[in-house]
Structure formats: C-alpha cells, structure tokens
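Undergrad: Mind looking over this structure? Questions follow.
Just so it is clear, none of the values below were taken in a lab; they were calculated from the coordinates. Remember, predicted model here, so these are calculated numbers, not experimental data. Virtual Cβ from ideal backbone geometry, glycine too; neighbours counted across all protein chains shown.
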Ligand SMILES: [Zn+2]
Ligand SMILES: [Zn+2]
C-alpha cells in the first residue's frame, strides 16, 4: 500500500478509537491488492503469507472492525458467508452466477437517483444498500459451465 493511503487509514482508525495494527494493515493490503471478493478464509490464506502472526479468528475480528469503520464492505454474493472488499468512491453492485460463481460488477447510477428521490420524499436517511443479483452467466446459460 502507498504510504499516503496507509496514513489516511491509520487516522481513520484512530478517529474511531482503533489502531492500525500489523494484522489490520495486512488484511487491508490483501483486500486492496486483490480485485476479487475474498471471504474470511481466503483472506486468511493470503494474509498468512505476509505475517505468521495472524489467525482466522483475528481475521474475523479485523473485518468486523474494518466494516464498522466503513473501510470495507461485505457482500453475500449469493452465499451464506460474506465476501469483503475495500470501499470505493463509486458504489457498485454485484451479479453472481449460481452455476460457476462468477461475479460481475456493475455501476447503477440510477439506483442513487432513486434513493435520493425516495429519501427526500419520505424523509429517510439511507445508511446502506443491499442490492445483489443472482442468476446464470452467459456461459452457464448455454450449458457450457459446470453448473451444479
Ligand atoms: Zn456461470
Ligand atoms: Zn465488488
């Protein structure tokens, strides 16, 4: 991670009464560098290659803190357990293929517009959006994938 990014993360954590520990930094680094949506176990596997001083339980605790800080988000991607990624400036959404598990990310600026309109009309404060699509990708639809 770039030092600048590390510093702003450290101050964000500090503002919330947390420290940027080695473990937290490693978890953030792994998420920052992978452009996939890792679950806690995959995160643990990769984090362990960088520091031996990390356990699966630490990873679970760490993602909970980072999520609470708004630094990462959790998506279910059609599965029971969560997948994590760092928060990006432009919100994006996910389509998960039930056949092969492929994840397609997409922007939907219209969603923001609808939410804003709704919030104004109803006087709501929207704190989060859970909008996930599931189905079959083009490959699996034509029977080419290893659909279960
Ligand atoms: Zn598929
Ligand atoms: Zn994503």
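Undergrad: Quick one: among 137, 127, 97, which has the greatest mean-square fluctuation in a GNM of the chain with alpha-carbon springs under 10 angstrom?
TA: With Cα springs under 10 Å in the chain, the top fluctuation among 137, 127, 97 is at 127.
Undergrad: Considering Cα pairs under 8 angstrom that are at least six residues apart, work out the relative contact order of the range 88-148 and quote it in whole percent.
TA: Contact order relative to length: 43 percent.
Undergrad: Using the Kirkwood radius built from alpha carbon pairs, what does the Stokes-Einstein equation give as D for the chain at 10 °C and 1.306 mPa s, in µm² per second? Don't skip to the answer; put the middle values down first.
TA: Working: Rh = 17.2 Å.
Approximately 93 µm²/s, per Stokes-Einstein.
Undergrad: Sticking with this one: In percent, how large is the relative contact order of the chain, given Cα pairs closer than 8 Å and 6 or more residues apart?
TA: Values: 165 pairs, mean separation 25.7, N = 148.
The value is 17 percent.
Undergrad: Then there is this: With each label point set 7 Å from Cα along the Cα-Cβ vector, what nm distance links residue 33 and residue 3?
TA: 1.9
Undergrad: Quick one: among 54, 134, 114, which has the greatest mean-square fluctuation in a GNM of the chain with alpha-carbon springs under 10 angstrom?
TA: Checking each option, the largest mean-square fluctuation is seen for 114.
Undergrad: Once you keep just the Cα pairs under 8 angstrom separated by 6 or more residues, what percentage relative contact order results for the range 1-74?
TA: Over the range 1-74, the number comes to 28 percent.
Undergrad: Also: Which value in deg cm²/dmol, rounded to the nearest 500, describes the helix-derived mean residue ellipticity at 222 nm for the chain, given -39,500 (n - 2.57) per DSSP H run of n ≥ 4 and division by the residue count?
TA: Per the formula, -13000 deg cm²/dmol.
Undergrad: Sticking with this structure for a sec: Name the residue, out of 99, 70, 17, whose mean-square fluctuation peaks in a Gaussian network model built on the chain with Cα pairs under 10 Å.
TA: Evaluated over the chain, the most mobile residue of the options is 17.
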